[in-house]
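Notes follow once the structure below has been shown.
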Amino acid sequence: MVARFLFVILPVTSHLNPALAIAQELVENGHETAWCGAESDLRPLVGPAATVYPTGKRAFRQYAESGMAAARVLWNGYLIPVNRFIMAAADRAVAAARPDVVVVDQYALAGALAAVRHGARWATLCTGAMELTPPAELPELAAWVRAQLARVWAMTDLPADDALDLRFSPHLVIALTTSALTGAAPLPGRCVLVGPALGRRPAVPGFAWDEWDQGRRHVLVTVGTASEHMASDFYARALLGLGPMADRLQPVLVASADLVPDPPRYALSAPRVPMLDLLPRLDAVICHGGMGTVTEALAHGVPLVLAPMRHDQPVVARQVAEAGAGIEVSFASATPAAIADAVSAVLEEPGYRACARAIGDSFAAAGGARAAAAHLAALATGGQAPAPEDEDG
């Protein structure tokens, strides 16, 4: 049976890439997909023939808060406004597409509401750890977020359903991790852990492969797409720490010219990199602890040095460290020597790479995009998808 799927996605790279990979699997299995989101971000990924129901785009405002303050800014400064902004477009998209399943970015709450309004089955795509495994150091977060969800319900003429958490579909929650990281943390009902969803990425940026030094080891340094404005001092400290290793180590910096205006001769630097092409060639990754970067690295057996800043990054960093696949350092205060020591440890002590490879094996067993597509197809047809290795609910 051919099923129709509508993806409602926010224009954030770490959300777009896994949704694209899952959609590719669905199409390869004969299903139909359509998209609701910012066309300027979607069209280069999905191609000219794909059906896109445009929402327009609301910019993500830069901010430097951390902890509970960052959660407040995220919701008040972006998630509440963006869901108000896309509400009508998401509703029109569900009405027009008549999907068998709406696949909703966990933070595209307007998509969940549209599915509820039209009586459509929907699945949550959970790309981060903030909601899935909330940070213990923010005990007030859960109640505060529930209050924000009430604000989202109030944007509609639907009666609020206190039993329905818009972050987690009652039909299916797809989380891009496995128990190798989450451990025994309680999970929502109907939650399947499939590991990272990796697929073909159109418009892959070029890279200076002719400057790649085969005689040195390689460490990627990145803070993701939304936090560069906070990272200039961290990059400076990282480069000071890595500099004395330049005879045997070639750093690869994911950095704009504003962030690293004068990269050292011993390093490669680019504002964007072909991540999935780079990862098999890397020996370690220094990053902020974003779940997309972390799980992609671990899927390739690459150990990490993690300098988390905010949101779910401390949770993910802790999970990686507890699993033995990396070392956490302070984003704000790690000295160049501390960063260098952490990099040396993950490079030279074989246990870190062994643990990274074990987690990568758990990801492969969980099935990634292929397993996610199977669960979505089963939801569309009312059947039962094959059970992945890691599943709850």
Inset, instruction - Being within 21 Å of Val302 (Cα to Cα) and over 22 Å from the mean Cα position of the chain (by Cα) is the filter here, so list the residues in segment 248-259 that pass it. - result: Arg248, Leu249, Gln250, Pro251
Legend entry - Search result, residues across segment 322-349 that are within 26 Å of Thr177 (Cα to Cα), surrounded by 15 or more Cβ atoms within 10 Å (Cβ to Cβ) and of a type outside the set (Asp, Glu): Ala323, Gly324, Ala325, Gly326, Ile327, Val329, Phe331, Ala342, Val343, Ala345, Val346, Leu347
Legend entry - Hits in segment 210-227 - residues which are of a type outside the set (D, E, K, R), part of a loop (DSSP other than H, G, I, E, B) and either within 23 Å of Ala299 (Cα to Cα) or more than 18 Å from the chain's Cα centre (by Cα) (or both): Trp212, Gln214, Gly215, Thr222, Val223, Gly224, Thr225, Ala226
Legend entry - The one condition in (1) farther than 25 Å from Ala197 by Cα; (2) surrounded by fewer than 15 Cβ atoms within 10 Å (Cβ to Cβ); (3) of a type outside the set (Phe, Trp, Tyr) that Ser40 fails to fulfil: (1)
Inset, instruction - Evaluate segment 187-209: report whether one residue or more is modelled with pLDDT of 95 or more, more than 30 Å from Phe7 (Cβ to Cβ) and not in a loop (DSSP other than H, G, I, E, B). - result: yes
Inset, instruction - Collect the residues in segment 121-155 that are among the aliphatic types (A, V, I, L, M) and without any contact (Cβ under 8 Å) to a residue 40 or more places away in the chain, keeping them in residue-number order. - result: Ala136, Ala142, Ala143, Ala147, Ala150, Ala154
Inset, instruction - Looking at (1) under 23 Å from His171 (Cα atoms); (2) assigned to a loop (DSSP other than H, G, I, E, B); (3) out of contact with any strand residue (DSSP E or B) (no Cβ under 8 Å at 6 or more places or on another chain); (4) without any contact (Cβ under 8 Å) to a residue 60 or more places away in the chain, find the lone condition where Val2 falls short. - result: (3)
Legend entry - Lone qualifier among Gly351, Gly324 - being farther than 23 Å from Ala197 by Cβ, out of contact with any strand residue (DSSP E or B) (no Cβ under 9 Å at 6 or more places or on another chain), at pLDDT 95 or above and outside any helix (DSSP H, G or I): Gly324
Inset, instruction - Could you tell me whether Arg61 is outside the structural domain of Asp312 (by TED's automatic domain parsing), of a type in the set (D, E, K, R) and without any contact (Cβ under 8 Å) to a residue 24 or more places away in the chain? - result: yes
Inset, instruction - Exactly one condition in (1) in contact with a helix residue (DSSP H, G or I) (Cβ under 6 Å, 6 or more places away or on another chain); (2) over 30 Å from Asp105 (Cα atoms); (3) assigned to a helix (DSSP H, G or I) is not met by Leu181; state its number. - result: (2)
Legend entry - Residue satisfying condition, being out of contact with any strand residue (DSSP E or B) (no Cβ under 9 Å at 6 or more places or on another chain), in a loop (DSSP other than H, G, I, E, B) and at negative phi, within set Ala340, Ala332: Ala332
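Residue-by-condition table, conditions (1) touching an Asp or Glu at 6+ places or on another chain (Cβ under 8 Å); (2) loosely packed, with under 15 Cβ neighbours inside 10 Å; (3) more than 24 Å from Leu198 (Cβ to Cβ):
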position	(1), (2), (3)
Ala21	no, no, no
Val52	yes, no, no
Asn76	no, yes, yes
Val94	no, no, yes
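The values are calculated or read from the model by the stated rules, or taken from the named source; none is laboratory data. Computed from a predicted structure; not experimentally measured. Counting neighbours? That spans all protein chains shown, and the Cβs are built from the backbone with ideal geometry, glycine included.
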